[in-house]
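In what follows, a single structure is set out as structure tokens and then discussed.
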């Protein structure tokens with residue numbers, strides 16, 4: 001009997017929960033063909049028994065298709081549906097509370113807890129007027145609610161923060177070159193803030209590296 005497989009053709013069809021599950025498998029195993037099989041099982045949502053019934057060349061092709069999805073650099077996903085709720089990207093990052101910033105800074109580079117970082121960035125939309133919207137107040141206890149969010153939103157948020165960090169770094173460099181003496185420049189050039197931004201950038205770099213699903 002033919003095996004019906006729904007192969008994801010975009011990151012929007014893969015969830016954070018699935019990706020985390022595969023990362024755990026990848027940590028414990030290095031055998032290529034076994035990882036290919038588990039990749040198909042997890043992301044195509046079929047049993048391992050059915051995967052084992054596929055032709056070898058087909059499993060390699062399917063695994064390659066899935067792996068290539070993680071080479072994408074999606075534009076920022078501002079809204080997505082999760083069940084009956086619509087989630088929106090935080091519309092005012094410059095208004096983050098101390099608690100929100102600490103949780104985002106702590107968990108953005110930790111795949112074991114990535115949902116906690118996404119819980120800061122994406123929350124249910126409560127009011128929407130054309131392209132503008134407001135989101136629910138931050139609640140650290142709702143992080144598990146976003147485990148089934150799409151990976152294009154996860155990756156787009158990470159790339160957005162990465163690019164934002166690069167822009168901040170450029171601002172810092174320009175300020176140094178121009179020998180600005182404003183209070184903002186003094187703050188950005190302080191040792192404490194410099195170390196903080198560097199650590200955040202290093203964390204994001206490691207996160208982006210880990211997004212690659214290796215077949216080797």
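Could you tell me which numbered condition residue 132 fails, if it satisfies all but one of (1) at pLDDT below 95; (2) buried (at least 18 other Cβ atoms within 10 Å of the Cβ); (3) under 18 Å from residue 91 (Cα atoms)?
Condition not satisfied by residue 132: (2).
Can you tell me which residue in region 101-126 is surrounded by the fewest Cβ atoms within 10 Å (Cβ to Cβ), limited to those that are over 17 Å from the mean Cα position of the chain (by Cα) and closer than 19 Å to residue 145 by Cβ?
Among them, the one singled out is 126.
Looking at residue 7 and the list (1) without any contact (Cβ under 8 Å) to a residue 60 or more places away in the chain; (2) in contact with a helix residue (DSSP H, G or I) (Cβ under 9 Å, 6 or more places away or on another chain); (3) closer than 27 Å to residue 108 by Cα, which single condition is not satisfied?
(3)
Please verify whether residue 58 is over 14 Å from residue 149 (Cα atoms), assigned by TED's automatic domain parsing to the domain that holds residue 162 and in a helix (DSSP H, G or I), treating the condition exactly as stated.
In short, no.
I'm told residue 172 meets every condition in (1) touching a helix residue (DSSP H, G or I) at 6+ places or on another chain (Cβ under 6 Å); (2) at pLDDT 70 or above; (3) not in a loop (DSSP other than H, G, I, E, B) except one. Can you identify the failing condition by its number?
Only one criterion in (1) touching a helix residue (DSSP H, G or I) at 6+ places or on another chain (Cβ under 6 Å); (2) at pLDDT 70 or above; (3) not in a loop (DSSP other than H, G, I, E, B) is unmet by residue 172, namely (2).
Being part of a helix (DSSP H, G or I), crowded, with 18+ Cβ neighbours inside 10 Å and modelled with pLDDT of 85 or more narrows it down to one residue among 161, 204; which is it?
The match here is 161.
If a residue must be buried (at least 17 other Cβ atoms within 10 Å of the Cβ) and in a loop (DSSP other than H, G, I, E, B), how many such residues does region 71-88 contain?
Number satisfying all stated conditions: 3.
Table: residues versus (1) touching a residue at least 24 places away in the same chain (Cβ under 8 Å); (2) in the same structural domain as residue 128 (by TED's automatic domain parsing); (3) not in a loop (DSSP other than H, G, I, E, B).
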| position | (1), (2), (3) |
| --- | --- |
| 3 | yes, no, no |
| 20 | yes, no, yes |
| 25 | no, no, yes |
| 33 | yes, no, yes |
| 36 | yes, no, yes |
| 39 | yes, no, yes |
| 42 | yes, no, yes |
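Test each condition in (1) farther than 16 Å from residue 19 by Cβ; (2) within 24 Å of the chain's Cα centre (by Cα) for residue 48 and report the one that comes out false.
(2)
The values are calculated or read from the model by the stated rules, or taken from the named source; none is laboratory data. Since the model is a prediction, treat every value here as computed from it, not as a measurement. Positions of Cβ are generated from backbone atoms using ideal geometry, with glycine treated the same way; all protein chains shown enter the neighbour counts.
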